[in-house]
Amino acid sequence: MDLNKLQTFIVVAREGNLTRAAEILCLSQPAVSAHIKTLEEEFGLKLFERVARGMKLTETGKRLVNQTEQALSAVRQISMHAQSLRDGITGEFRIGTITTPSNLRLERTVSILSSRHPNLRISFVQGVSGNIIDWILTEQIEAGYVIGQPEDTRIAAIEVKPVTLRVVAPSAWGDLIKSMDWPMITTLPWILTPAKCSFSSLAQRMFARHFVYPQNVIEADQEHTLQSLATSGIGLTLLQEDVARAAQIAGDVVIWEPGIEFSHVYFVFSREKIADIKLQTIIQIINEIWSLKKEI
């Protein structure tokens, strides 16, 4: 079976127009028509019907499109794997990051990768969890770290480590908040994050569990900004426990003991890309540096 003809089938199905398909494939329109005709004869099935606006898949054609795309993807993966075996793994791999590099062991990731696969370049893009998911789905990055398990079924997730968040307040508020309960603490100003940040959903979950929600809310989109604003006396916020403890020792904030929330850090990527040799290489390193034994 000619793979070029299968590719023609996919492009015509996607575009619904022979002229546009021919332009994309850099073929003449008669050549595109000939590819489709040859496939129909080979399958013994009618794949398209002509309509006023171009070409429309038949019900039979619709059933074959997904399988054809999967087959072509598998062929591409085999080709990539063969190339990597011949030339070594090359190219670039982009990882979305949250929090600080040391918390994600990025230095160790780079060290192992550079020693084993010197021709594979790795780059990091800082964001919040919601951005990381969006960037993966739009192929701006290949993988990333997030806090909280993604709900989108197109995303695969490897649980990496637990994370604890603590409620902190400006250090000058220590005596004020010491005896406060949840209804009282939410009368004070809070610094929260936009919806795209995992801290937002975790805060919402924490407040819902105690049947409260602060009325005076300021938004900030990075953990270091949250810490800076809390230190400056602006309001209460959520910080990862190690950050909160260090800031409290430094005298910048005080931890409000009843305020605690638990989650996990995940390494995430598109399920469609699971066979990619570069992704598999990174997953292997991630499993190694975090001592994971989970299979995807």
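The values are calculated or read from the model by the stated rules, or taken from the named source; none is laboratory data. What you see is a predicted model; the values in this text were computed from it and never measured. Cβ atoms come from the backbone with ideal geometry, glycine included; neighbour counts cover every protein chain shown.
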| message | One residue is enough: does region 25-45 have a residue meeting the conditions surrounded by fewer than 13 Cβ atoms within 10 Å (Cβ to Cβ), more than 30 Å from THR164 (Cα to Cα) and modelled with pLDDT under 90? | response | yes
| Qualifying position, being modelled with pLDDT under 95 and out of contact with any helix residue (DSSP H, G or I) (no Cβ under 6 Å at 6 or more places or on another chain), among VAL160, VAL167 | VAL160
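Counting only residues that are of a type in the set (Gly, Ala, Ser), out of contact with any helix residue (DSSP H, G or I) (no Cβ under 8 Å at 6 or more places or on another chain) and either within 16 Å of LEU3 (Cα to Cα) or part of a helix (DSSP H, G or I) (or both), how many does region 23-63 have?
1
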| query | Across region 110-169, which residue is surrounded by the most Cβ atoms within 10 Å (Cβ to Cβ) among those that are within 20 Å of ILE277 (Cβ to Cβ) and acidic (Asp, Glu)? | reply | GLU142
| said: Filter region 182-195 down to the residues that are assigned to a loop (DSSP other than H, G, I, E, B), exposed (fewer than 13 other Cβ atoms within 10 Å of the Cβ) and among the hydrophobic types (A, V, I, L, M, F, W, C) and list them by number. | reply: ALA195
| task | List every residue pair whose Cβ atoms lie under 6 Å apart, where the two residues are 6 or more positions apart in sequence or sit on different chains, the first residue falls within region 266-294 and is more than 25 Å from ILE78 (Cβ to Cβ) and touching a residue at least 12 places away in the same chain (Cβ under 8 Å), and the second residue, located anywhere, is of a type outside the set (A, V, I, L, M) and part of a helix (DSSP H, G or I). | result | ILE289/ARG108
| field | Subset of region 22-42 (residues that are free of Cβ contacts under 8 Å to residues at least 24 places away in the same chain and within 39 Å of the chain's Cα centre (by Cα)) | value | ALA22, GLU23, ILE24, LEU25, CYS26, LEU27
